[in-house]
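Beneath this line is the structure, given in structure tokens, with notes to follow.
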Amino acid sequence: MKFTELNTGIKMPLFGLGTYGLVGHDVLYNALDAALKSGYRLIDTAAVYKNEKDIGDCLRELLPKHGLSRDDLFLETKLDTKDHGLEEAYSACLASLEKLQTDYLDLYIIHWPAKSKIKSDDPRHAGFRKDSWTALEKLYKEGKVRNIGISNYTLKHLKEMASYTTIQPAVLQVEYHPFYIQTDLLQWCQANNVHLQTYRSLGKSKLLSEPVVVTIAERTNKTPAQVLLQWALQQDLGRWTSRQLAKLI
């Protein structure tokens, strides 16, 4: 298992199980069981995925089975867009903690930079972002979350954050793969000691049939998914998604 050290000094696995699209106890139990058996220790979810409660139930059953404790995991979830705001974000995190049946999160992320049901150009979004981040900083100071971060932020949003953050984000999570390389965000992360965590590492699986990827896989006796994973790991990027789990274990 390869790790990266975040700016908090905490080590985070570079890849793990993403649970988007995994719904229902049995589905999650099988996915988590296979992941833990194969050495996965990072589990990514989000309030909007509607599976936090089932994940908590499954982990309560599976951790003893695999001889693991909560501290062996890196558990991360994300704030729903409807919960942007100071009190709303704080309460939403407490709700996620309860559903996941844990007293702390390894990483709590603002999922999107805009509040739902408000027009995208509404100037109030900036205030909601600031208030939500203030809530995350409070959660961090209280020890309820060990790292805080953002997802799907643009360079504009990141520069805006500099005017009000008292605690640096540990992680920026964005779409990033050979078909969508966001160089400006990677450079910003490198300059500010923020880890870039990726999703859609396979480009919605389109990259699995990309001729260059297939050729490299055949030449190295690996699967296309493993080639793309290695591409991310070589740049200290990485997080795998649920749909690719079976190809990697």
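The values are calculated or read from the model by the stated rules, or taken from the named source; none is laboratory data. Quick caveat: nothing in here was measured; it's all calculated off a predicted structure. Here the Cβ positions follow ideal geometry from the backbone for every residue, glycine too, while neighbour counts run over all protein chains shown.
Please enumerate the residues belonging to region 100-137 that are out of contact with any strand residue (DSSP E or B) (no Cβ under 9 Å at 6 or more places or on another chain) and within 15 Å of E76 (Cα to Cα).
The answer is Q101, D103.
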Can A126 be described as modelled with pLDDT of 95 or more, crowded, with 20+ Cβ neighbours inside 10 Å and assigned to a helix (DSSP H, G or I)? no
For region 9-37, what are the residues that are surrounded by fewer than 17 Cβ atoms within 10 Å (Cβ to Cβ), touching a residue at least 12 places away in the same chain (Cβ under 8 Å) and farther than 21 Å from K65 by Cα? I10, Y20, G21, V23
Can you list residue pairs whose Cβ atoms sit under 6 Å apart, with the first residue in region 62-80 being under 21 Å from N152 (Cα atoms) and the second being of a type in the set (S, T, Y) and part of a helix (DSSP H, G or I)? Count only pairs 6 or more apart in sequence or on different chains. T77/S96
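Considering region 3-33 alone, what residues qualify as being part of a strand (DSSP E or B) and of a type in the set (A, V, I, L, M, F, W, C)?
Going through region 3-33, the residues part of a strand (DSSP E or B) turn out to be 3-5, 11-13, 17-18.
The answer is F3, M12, L17.
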Could you list all residues from region 129-155 that are small (G, A, S) and surrounded by fewer than 17 Cβ atoms within 10 Å (Cβ to Cβ)? G143
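For region 53-68, state whether one or more residues are closer than 22 Å to S151 by Cβ, modelled with pLDDT of 95 or more and in a loop (DSSP other than H, G, I, E, B).
In the first step, residues of region 53-68 are kept if they are closer than 22 Å to S151 by Cβ; the result is 53-56.
Still in the list and also modelled with pLDDT of 95 or more: 53-56.
When the remaining residues are screened for being in a loop (DSSP other than H, G, I, E, B), the result is none.
Looking for residues that are closer than 22 Å to S151 by Cβ, modelled with pLDDT of 95 or more and in a loop (DSSP other than H, G, I, E, B), one finds none in region 53-68, hence no.
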With criteria (1) closer than 30 Å to D57 by Cα; (2) among the small types (G, A, S); (3) out of contact with any Leu (no Cβ under 8 Å at 6 or more places or on another chain), G127 comes up short on (1)
How do the pairs read when you match residues in region 111-122 that are in a loop (DSSP other than H, G, I, E, B) with residues anywhere that are surrounded by fewer than 13 Cβ atoms within 10 Å (Cβ to Cβ) and at pLDDT 95 or above, using Cβ under 7 Å and keeping only pairs 6 or more apart or on different chains? I118/R124
Considering only residues that are of a type in the set (G, A, S) and within 15 Å of W231 (Cα to Cα), look in region 168-204 and name the one that is modelled with the highest pLDDT. S201
Just one of (1) among the acidic types (D, E); (2) closer than 21 Å to K144 by Cβ; (3) surrounded by 18 or more Cβ atoms within 10 Å (Cβ to Cβ) trips up D72, so point out which. (3)
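With I181, I216 as the choices, which residue is without any contact (Cβ under 8 Å) to a residue 12 or more places away in the chain and under 25 Å from T154 (Cβ atoms)? Steps first, please.
Numbers: I216 fails: under 25 Å from T154 (Cβ atoms).
Exactly one residue qualifies, and that residue is I181.
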Specify the residue that is farthest from the chain's Cα centre (by Cα); the eligible residues are those in region 38-52 that are surrounded by fewer than 16 Cβ atoms within 10 Å (Cβ to Cβ) and modelled with pLDDT under 95. S38
